Amino acid sequence: MLAFMTTGGDGAISVVSNVAPMLTAAMVGAVRKSAYLEARRINAHLFPLIEALELESNPCPIKCALHCARGYSPAVRLPLVEVTEATLARVRAAVAEIDTLAIDTCLLAERSLVPLSV
């Protein structure tokens, strides 16, 4: 997402934003403000979670991450199956590392999705 946006892309469809919406919004806002070092810092912070969410087919890892971060049900309907124990461990570790609830609370005042005035 960061590479796409820094090379001229406008916005993104983001799986990780389901777990860390304000942090993802802050990264988008930083790119829009040309604060690329800040955007890279946020992206690096999110990267272990992004990698963990790519270990298995969507939406299973994101449901697992939402379970770890917010207590939502990790259950999926057939033909999907819940993530493997190895993926669960990686997702759980990544969610714990970024502490999404604390980060999102800290960034509530960030207005990074408000269009910049021209």
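Would you check which residues across the range 25-51 are among the basic types (Lys, Arg) and free of Cβ contacts under 8 Å to residues at least 40 places away in the same chain and list them?
Selection gives Arg40, Arg41.
Confirm whether Ala86 is over 27 Å from Phe4 (Cα atoms) and either at pLDDT 90 or above or in a loop (DSSP other than H, G, I, E, B) (or both). Write out each step before concluding.
Working: over 27 Å from Phe4 (Cα atoms): yes; either at pLDDT 90 or above or in a loop (DSSP other than H, G, I, E, B) (or both): yes.
Answer is yes for this residue.
Can you spot a residue in the range 54-64 that is buried (at least 20 other Cβ atoms within 10 Å of the Cβ), within 16 Å of the chain's Cα centre (by Cα) and among the polar types (S, T, N, Q)?
Checked against the condition, which is being buried (at least 20 other Cβ atoms within 10 Å of the Cβ), within 16 Å of the chain's Cα centre (by Cα) and among the polar types (S, T, N, Q), the range 54-64 yields no hits at all.
Just checking, which of Cys60, Cys68, Cys64 is touching an Asp or Glu at 6+ places or on another chain (Cβ under 9 Å), closer than 17 Å to Ile98 by Cα and at pLDDT 90 or above?
Numbers: Cys60 fails: closer than 17 Å to Ile98 by Cα; Cys68 fails: touching an Asp or Glu at 6+ places or on another chain (Cβ under 9 Å).
From the options Cys60, Cys68, Cys64, the qualifying one is Cys64.
Do you know which residues across the range 46-71 are within 17 Å of Leu23 (Cα to Cα) and of a type in the set (Asp, Glu)?
The answer is Glu51, and nothing else.
For the range 89-118, what are the residues that are within 13 Å of Leu23 (Cα to Cα), assigned to a loop (DSSP other than H, G, I, E, B) and modelled with pLDDT under 65?
Once the filter is applied, which keeps residues that are within 13 Å of Leu23 (Cα to Cα), assigned to a loop (DSSP other than H, G, I, E, B) and modelled with pLDDT under 65, the range 89-118 yields Leu107, Leu108, Ala109, Glu110, Arg111, Ser112, Leu113.
The values are calculated or read from the model by the stated rules, or taken from the named source; none is laboratory data. These figures come from a predicted structure and were not determined experimentally. Glycine also receives a Cβ, built like all others from the backbone with ideal geometry; neighbour counts cover every protein chain displayed.
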